[in-house]
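Taking it in order: structure first as structure tokens, then the write-up.
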Amino acid sequence: MKGKADNKFKMVLFDLDGTLLPMDMKEFSYGYFGDIMKRAVPAGYEPQKLIDTIWKGCAVMALNDGSRLNREVFWDNFADTYGEERRKDKQIFDDFYATDFRNAKRFCGYNPKAVEAVKRIKEMGYRVALATNPIFPEVATKIRLDWLGLSFDDFELVTTYDNCCYAKPNLKYYIDVTDRLGVKPEDCLMVGNDVGEDMVARDLGMEVFLITDTMINKENKDISVYPNGSFEDLMETYF
């Protein structure tokens, strides 16, 4: 395995949104919410209530205790809001993610250095996984990777709301990921852009690197305590 001689990790975990896939999360979310409404409004949904329900669904997934898939937690909350009879409308949203969601690419950027980093790190013999916050369906995650010219096959594990029972910033999410990969936290480097959701992995003993190009730092924490910078800086620091 190549890389800096003092690297203790053998697995690199990448975040997706705002890390490999450049985006302003607020612009992206409200942009694609607008696209969702083209399907949802004709089905009888009032836009603001639906947006609030989606955000609440994200919040309850973040609090998932591991007893149910995030998908189940989201749709149970949806049914609590709209009634059990509306649970069947999941198909409307599944169809949206499988088709029209592709248009949300216009709300994202592209950083060739990010894609190059994934490929180069794999070539150097490191294992890689996509530790994206599992609040999206599998199909929506496949599409976001497709925008980058990447696929599920490029990673040993990709986390989605269909295969996870925890979400960021819950440390149990990271424990679950490392358990599935058969590694210890101290065997991993977590690369992400969100101070609150990604850098918490260091509490488990992971190495971390903060991508600052589209950084999220809701609590205005001192980022000097983390190795940080661009993807070029990541490669120079560790590889």
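Screening I135 with (1) crowded, with 19+ Cβ neighbours inside 10 Å; (2) in a loop (DSSP other than H, G, I, E, B); (3) out of contact with any Cys (no Cβ under 8 Å at 6 or more places or on another chain) gives one miss only, at (3).
Table: residues versus (1) among the small types (G, A, S); (2) within 16 Å of the chain's Cα centre (by Cα); (3) buried (at least 21 other Cβ atoms within 10 Å of the Cβ).
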residue	(1), (2), (3)
T141	no, yes, yes
C164	no, yes, yes
K168	no, yes, yes
L171	no, yes, no
D187	no, no, no
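Which residue is farthest from P22 (Cα to Cα), if the candidates are limited to segment 138-158 and must be of a type outside the set (A, V, I, L, M, F, W, C) and assigned to a loop (DSSP other than H, G, I, E, B)? Out of the qualifying residues, it is E156. I'm checking my understanding of the structure. Among residues of segment 39-72 that are among the small types (G, A, S) and in a helix (DSSP H, G or I), which one is farthest from the chain's Cα centre (by Cα)? Here the residue is A43. Checking V128, V41 one by one, the residue that is touching a residue at least 60 places away in the same chain (Cβ under 8 Å) and among the β-branched types (V, I, T) is V128 and no other.
Any read-out appearing in this document is the output of simple, stated calculations on the displayed coordinates, not a laboratory observation. On a predicted model such as this, the values are computed, not experimentally measured, just so you know. Please note: Cβ atoms are built from the backbone with ideal geometry, for glycine as well, and neighbour counts cover all protein chains shown.
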